[in-house]
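The values are calculated or read from the model by the stated rules, or taken from the named source; none is laboratory data. This one's a predicted model, so the numbers in the text were calculated from it and none came from an experiment. Cβ placement follows ideal geometry from the backbone for every residue including glycine, while neighbour counts extend to all protein chains displayed.
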Amino acid sequence: MGVTVTRSVFLEKEDLVLRPVEKNDAEFLQELVQHPNVRNTIGRPPLPVNKKEEEEHIEELTTDEDVAYFLIEYQGEKAGTISLHGLETRYRKGEFGISVHPDFHGQGIGTNAVQLVVKYGFETQNLHKIRGGYLEGNTPSKRIMEKAGFQEEGRERHYKYVDGEWKDVIWMSILEGEYHE
């Protein structure tokens, strides 16, 4: 990728930074969500996304009080996104989602980003439960969640239609007490 960024650090761990997503990230995000190796893992329809649509998506997510939406930077380069969304303060729960650009796979970026978001969810947002899901066959996402302490909750059948076939989602979660152990 080779895209250099200006640092606006919100959370960090070693060479990894989570910062707010900005409108000037739209081009990177457009490429990210349309990359076949990302699109297939998040179950996104094979439809083109233009820069204006991505800018509108950024505007929508960054103004929603129930969403914490971060750009993942690794060694000063844009590497992916992670969000903590569906924040229900009354019930103290939320859900996370992550996408890492394939150029950065296998470097521990997803693991570190999820651990940072889990820490943020429990220590800053005072959540009791955080959940996430992965589409069947996405073993790297499963491993990332297990490393962060998530446990399997169940399977939702035929959750997304991906490249001509229905895929189940496997839901996992971590509770506040498990995080603090």
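Remark: pairs (first residue in the stretch 150-177, modelled with pLDDT under 95; second residue hydroxyl-bearing (Ser, Thr, Tyr); Cβ separation under 7 Å; 6+ apart in sequence or on different chains) = 167/159. Taken over the stretch 81-104, residues that are at negative phi and touching a strand residue (DSSP E or B) at 6+ places or on another chain (Cβ under 6 Å) amount to 16. Among the residues of the stretch 78-96, those that are at pLDDT 95 or above and charged (D, E, K, R) comprise 78, 92, 93, 95. Which is of a type in the set (S, T, N, Q) and not in a strand (DSSP E or B), of 141, 173? Matching residue, one of 141, 173: 141. If you check 117, 100 for being surrounded by 14 or more Cβ atoms within 10 Å (Cβ to Cβ) and over 19 Å from residue 30 (Cα atoms), only one passes: 117. In summary, residue 99 fulfils each of the numbered conditions (1) polar (S, T, N, Q); (2) over 24 Å from residue 36 (Cβ atoms); (3) touching a Leu at 6+ places or on another chain (Cβ under 7 Å); (4) at pLDDT below 95 with the single exception of condition (2).
Scanning the stretch 46-66 for residues that are within 15 Å of residue 27 (Cα to Cα) and either in a strand (DSSP E or B) or modelled with pLDDT under 80 (or both) returns 48, 49, 50, 51, 52, 53, 54, 55, 57, 58. What number of residues within the stretch 67-97 satisfy the criterion of being assigned to a strand (DSSP E or B) and surrounded by fewer than 22 Cβ atoms within 10 Å (Cβ to Cβ)? Result for the stretch 67-97: 11. Taking the stretch 30-45 as the range and being under 16 Å from residue 98 (Cα atoms) and either assigned to a loop (DSSP other than H, G, I, E, B) or modelled with pLDDT under 75 (or both) as the test, the residues that pass are 35, 36, 37, 38, 39, 40, 41, 42, 43, 44. Residues that are touching a residue at least 60 places away in the same chain (Cβ under 8 Å), surrounded by fewer than 19 Cβ atoms within 10 Å (Cβ to Cβ) and on the phi < 0 side of the Ramachandran plot: does the stretch 126-142 have at least one? Yes: the stretch 126-142 contains one or more residues that are touching a residue at least 60 places away in the same chain (Cβ under 8 Å), surrounded by fewer than 19 Cβ atoms within 10 Å (Cβ to Cβ) and on the phi < 0 side of the Ramachandran plot.
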